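Below is one structure; the comments refer to it alone.
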Amino acid sequence: MMMLLTTLGFLALSALLMWQHVRAREDGAAAPARAQRCPRCQAALPPAAITCPRCSAPLQAYELVMAPVAKPAASGEESGPLHAIVRADMCVGCGTCVAACPEPGAIQLVDKLARVDLEYCKGHGDCARACPVNAIVVTRGAAVQQVEAPDLNVHFESNVPGLYVVGELGGRGLIKNAINEGKLAVEHIVRVLPPGQPRADGAADAVDVLVVGSGPAGLSAGVAARQAGLSCLVLEQGTLSDTIQRYPRHKLLFAEPIQMPLYGDIWVADASKESLLRIWQDVIERSQLDIRTGQRVTAVTPDGSLFAVSTPDHAYRARRVVLALGRRGTPRKLEVAGEQMAHVFYDIVEMEEFAGSRVLVVGGGDSAVESALGLANQPGTTVALSYRGLAFDRVKERNRAKIDAAAAAGRVRLLLDSQVREIRDGTVVLSLQGHPHVEPADAVIIRVGGEAPTPFLERAGVRIVRKEIALATAGAGAGR
């Protein structure tokens with residue numbers, strides 16, 4: 001009898017252990033799904049969710065905010081040769097990287113997507129520096145991109161309480177993400193500054209929300225603040241059209257409607273920048289948003305519970321500040337007549353859109369030379385490069401050799417010792433070696449540098465960190 005009880009006990013214990021083991025494996029397999037929660041409200045997310053079912057937050061907006069901060073590599077980590085990786089979700093197939101790479105066959109276009117062949121890639125990094133959309137990174141190991149970004153919480157608030165960073169400056173420059181981030185930041189401000197309630201600071205001259213920048217993120221933040229009943233002011237250093245004009249894309253495609261506060265769905269298929277500008281103006285008129293142009297913000301300084309915001313000729317006070325400056329910073333302008341015209345660009349992405357056109361590139365640095373070389377690869381495109389100097393003494397030796405070869409082959413016409421005097425419809429008036437010269441041009445690409453926003457953020461006290469983003473890669477080992 002005792003032996004029978006012992007045997008039964010052993011079998012029961014074995015069954016219990018086996019059941020616990022199976023449950024543990026099931027729990028482990030299910031854990032990732034249960035661990036996926038909304039960054040903002042912590043609601044459980046169903047598989048492949050695009051928005052949170054509880055708070056409706058668009059999840060793609062949190063890609064960079066939730067990315068882990070990169071750890072310094074320990075000795076011996078990340079070993080192996082340097083090689084390039086292409087972000088398949090960002091590559092636009094312009095071919096600039098192919099022209100920039102010094103290793104034949106290392107990177108090629110396959111089905112309108114750049115692909116790296118690791119057999120030939122030597123990790124020079126010329127392709128990454130030339131890429132106009134930052135879709136290429138150089139690494140030694142895993143497909144992880146490290147980017148410098150402001151250290152933000154899930155409300156897009158920086159380490160400086162009350163100072164928010166949204167849009168391209170805080171992450172990837174998608175119009176959809178920018179609009180969503182501006183709205184999400186203001187939704188948090190509404191919770192901490194309930195509309196209609198007396199303000200503890202008692203500062204009658206302070207606005208509830210001051211937005212810097214009138215691009216998609218800035219407009220969204222401003223309109224959301226107006227919709228919630230907060231007082232709001234938007235400062236723009238240029239004009240409203242400047243924010244649209246700086247877009248590097250010739251046309252825009254919204255594959256799905258984008259919800260703009262107080263306006264409704266924005267759904268523009270294969271749209272020009274001019275059509276987007278008309279939408280922006282309509283949004284402003286409907287919301288009666290107070291936008292003050294020609295106001296370049298030079299400093300944002302905490303002042304007790306408020307912020308002091310300075311421009312060269314004005315001082316503002318605000319309870320909360322939303323920075324929507326743009327990651328590319330402020331492009332330097334030529335300050336000539338006609339520079340505001342629709343066919344003037346400060347950056348380009350889809351070089352194939354300029355096929356068959358007459359294009360004038362202005363500048364003498366690597367970005368100008370690489371733009372001219374990439375445009376010269378497009379069928380039927382005639383390219384001229386205007387530079388005020390007598391030689392390209394500021395560019396890398398490889399780029400100098402390539403532009404000289406392109407000029408010798410007649411693919412790029414060099415207009416050295418020249419300066420733009422006026423941009424017209426179809427032509428550009430230059431001073432060429434001291435004499436007037438009229439250059440035909442269907443498009444003008446100005447690449448003369450600019451001021452990056454990172455120093456401005458650091459002066460405001462915003463902490464900048466390096467974050468790791470897992471890449472959707474294109475074609476390692478393919479492309480021959």
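Key figures
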quantity: Criterion (modelled with pLDDT under 90, of a type in the set (Gly, Ala, Ser) and touching a Cys at 6+ places or on another chain (Cβ under 9 Å)) met by exactly one of Ala474, Ala478, Ala452; calculated: Ala474
quantity: Any pair with Cβ under 8 angstrom, 6 or more apart, that starts in region 290-307 at a residue that is in a loop (DSSP other than H, G, I, E, B) and ends at one that is modelled with pLDDT under 95 and charged (D, E, K, R); calculated: Gly294/Glu236; Gln295/Glu236; Gly304/Asp201; Ser305/Asp201
quantity: Per-region count, region 94-135, residues surrounded by fewer than 18 Cβ atoms within 10 Å (Cβ to Cβ) and modelled with pLDDT under 80; calculated: 3
quantity: Some residue of region 197-219 being assigned to a helix (DSSP H, G or I) and more than 22 Å from His314 (Cβ to Cβ); calculated: yes
quantity: Matching residues in region 279-292 - criterion: being β-branched (Val, Ile, Thr) and at pLDDT 90 or above; calculated: Ile291
quantity: Some residue of region 376-390 being among the hydroxyl-bearing types (Ser, Thr, Tyr) and not in a strand (DSSP E or B); calculated: yes
quantity: Tally, over region 338-375, of residues that are in a helix (DSSP H, G or I) and closer than 21 Å to Ala114 by Cβ; calculated: 13
quantity: Selection count where residues are exposed (fewer than 15 other Cβ atoms within 10 Å of the Cβ) and in contact with a Gly (Cβ under 6 Å, 6 or more places away or on another chain), scope region 179-215; calculated: 1
quantity: Members of region 431-460 that are of a type in the set (D, E, K, R) and under 30 Å from Ala324 (Cα atoms); calculated: Arg447, Glu451, Glu458, Arg459
quantity: Selection from region 384-397 of residues that are out of contact with any Leu (no Cβ under 8 Å at 6 or more places or on another chain) and either surrounded by 15 or more Cβ atoms within 10 Å (Cβ to Cβ) or not assigned by TED's automatic domain parsing to the domain that holds Ser371 (or both); calculated: Arg388, Phe392, Arg394, Val395, Lys396
quantity: Residue selected from region 152-164 under the condition touching a Ser or Thr at 6+ places or on another chain (Cβ under 9 Å) and at pLDDT 95 or above, by the criterion surrounded by the fewest Cβ atoms within 10 Å (Cβ to Cβ); calculated: Gly162
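The values are calculated or read from the model by the stated rules, or taken from the named source; none is laboratory data. Everything quoted here is computed from the prediction, not taken from an experiment. Positions of Cβ are backbone-derived with ideal geometry, glycine not excepted, and every protein chain shown enters the neighbour counts.
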